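Below: one structure, written as structure tokens.
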Amino acid sequence: MISIDDIAAFCRRRGFVYPNSEIYGGLAGIFDYGPVGVELKNNIKKEWWKFHVQSREDTVGIDGSIISHPKIWKASGHSDSFEDIMVEDSKTKELFRADLLVEEFLKESMDGKTREELWKLIQQHKIKSHKGNELSKPKGFNLMFSTDVGPKNPIKAYLRPETAQLIFTNFKLITENSRLKLPFGIAQIGKAFRNEIAPRNFLFRCREFEQMEIEYFTKPKETKCKFINEVEDYKLKIYSAEMQEKGSPEIEMTIKQALSKKIFKNEWHAYWLATEHKWFISLGINKDNLRIRQHNRKELAHYSSDCWDLEYKFPFGFKEVEGIADRSDYDLKQHIEHSKKDLSLFDDELKQKIVPYVVAEPSLGVDRAFLIFLFEAYEYNKERENVVLKLHPKLSPIKVGIFPLVKNKPQIVKKAREVYDFLKNEFVCDYDDSGSIGRRYSRQDEIGTFLGCTIDFETLKDKSVTLRDRDTTKQIRVKIDELKEIIKKLINEEIKFEKAGKLIK
């Protein structure tokens, strides 16, 4: 697998991701998405929204603001306790995130370790800074970015560290407007900000990032899932807290088997873990590179009774891509207490008001998803001597590259332009007439363009073009007036490439 540094260099070179403010020396943990990167990122969000919101009757979406009333963060506990533990180099005064520094030294997870436990390990193993200097005693650092609202007597506010709270504060209005009945989900995609002590590993840990998440509400303490039969036979690698404590490896099993062993506390949690796993698999992620890992007691957030991470096997080990927590009624009750507003719902069966539970909170980082789709797709093809980015066609930044075989023949250029104009409103296309046809294929392969469409001398006679498959380099002849329908079916994997037209031997 390509290293994280190499993938960062590739992203910069090919227009996927740039270091922010690079001409001024950069700003750690903040990145800008380039021309092809923004297309890939938008495609990831589009597919997530289609799968989780538009294709479900029980889920609606919102788009909350980045800056909100500071009392929201007091109620949620963020302004008081949303912190990481840091240590300081005694000589250089450089700051480090304590758990990551100790983890790097001992080569084992420090998830859930307290300040006292980390300090004990630092002393016991004589861990020093990267410069070889002594470290200070660990202390907390609040990750919230603050800002001032208003010119006179400004209110101290915060850039949101997560998107979830806007779902809770708008909860009553959303349920009234959408006439939702339990169980139901409220989804959101948006920016979040955390003043990370040690942003690292490119897009994996950033100070500005984007989240895609759902708060899924049920009746209090409801454990039976109405959709569980859809995923009972679904297999995935499971790494429970008990397995971790015993030092056992993860085990592949079906959801039904895991439920029978009481690995999951409720069926809803199992359902959403399988559903999120399936979404990644459907877009090309190799199941061998995914597992679900349960948080141990020390890792659990104060609001969560159970939490699992969907993890991907990065070059630096299995790490979280998506967290799926059981938040119970913590958030709604906190906002009821602090706002003095009624956020309960009337239950027709119980004939009384209830405060719903968040039985599962699938929370996925867009940037981390972007990263794993790149890792999964990246391949250096020795035979072709170039990179081939084998992205799922639904995610490909450019769906079709339009190539006139030669650019010094006006009739071919004219026809190529006609094909481009014919397709551009339906698909993201790139018109490319620079260099040899082989070089153009190679250039498009590197950015994951799904299909190449070449207009040649035969096109002028039979009104057909040559379509080239990025992954196999196979070519077929297709009539121009059939192009839209065939490309659409290929993107949606409704037909095989070899069956879509006349195969060129």
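Please work out which residue is farthest from Lys41 (Cα to Cα), limiting yourself to segment 284-307 and to residues that are at pLDDT 95 or above and crowded, with 20+ Cβ neighbours inside 10 Å. Don't jump to the end; show me each part of the working.
Of the residues in segment 284-307, the ones at pLDDT 95 or above are 284-294.
Okay, now just the ones that are also crowded, with 20+ Cβ neighbours inside 10 Å, so 285, 290-294.
Working: Ile285: 16, Leu290: 21, Arg291: 23, Ile292: 24, Arg293: 26, Gln294: 28 Å.
Per the criteria, the residue is Gln294.
Within segment 218-225, not a single residue is modelled with pLDDT of 95 or more, within 24 Å of Lys41 (Cα to Cα) and touching a Leu at 6+ places or on another chain (Cβ under 8 Å). Candidates in segment 120-165 are the residues that are free of Cβ contacts under 8 Å to residues at least 12 places away in the same chain and in the same structural domain as Ala325 (by TED's automatic domain parsing); of these, the one that is surrounded by the fewest Cβ atoms within 10 Å (Cβ to Cβ) is Lys152.
Within segment 177-193, the set of residues being of a type outside the set (Gly, Ala, Ser) and assigned to a helix (DSSP H, G or I) comprises just one member, Asn177.
Taking residues in segment 76-96 that are under 16 Å from Leu135 (Cα atoms), and partners anywhere that are hydroxyl-bearing (Ser, Thr, Tyr), the pairs with Cβ atoms closer than 6 Å and at least 6 places apart or on different chains are Val87/Ser136; Glu88/Ser136; Asp89/Ser129. Here Glu208 passes the criteria (1) more than 21 Å from Phe373 (Cβ to Cβ); (2) among the charged types (D, E, K, R); (3) surrounded by fewer than 21 Cβ atoms within 10 Å (Cβ to Cβ) except the one numbered (1).
The values are calculated or read from the model by the stated rules, or taken from the named source; none is laboratory data. A quick note: this is a predicted structure, and the numbers were derived from the prediction, not measured. Cβ coordinates were reconstructed from backbone atoms using ideal geometry, including for glycine residues, and neighbour counts include every protein chain displayed.
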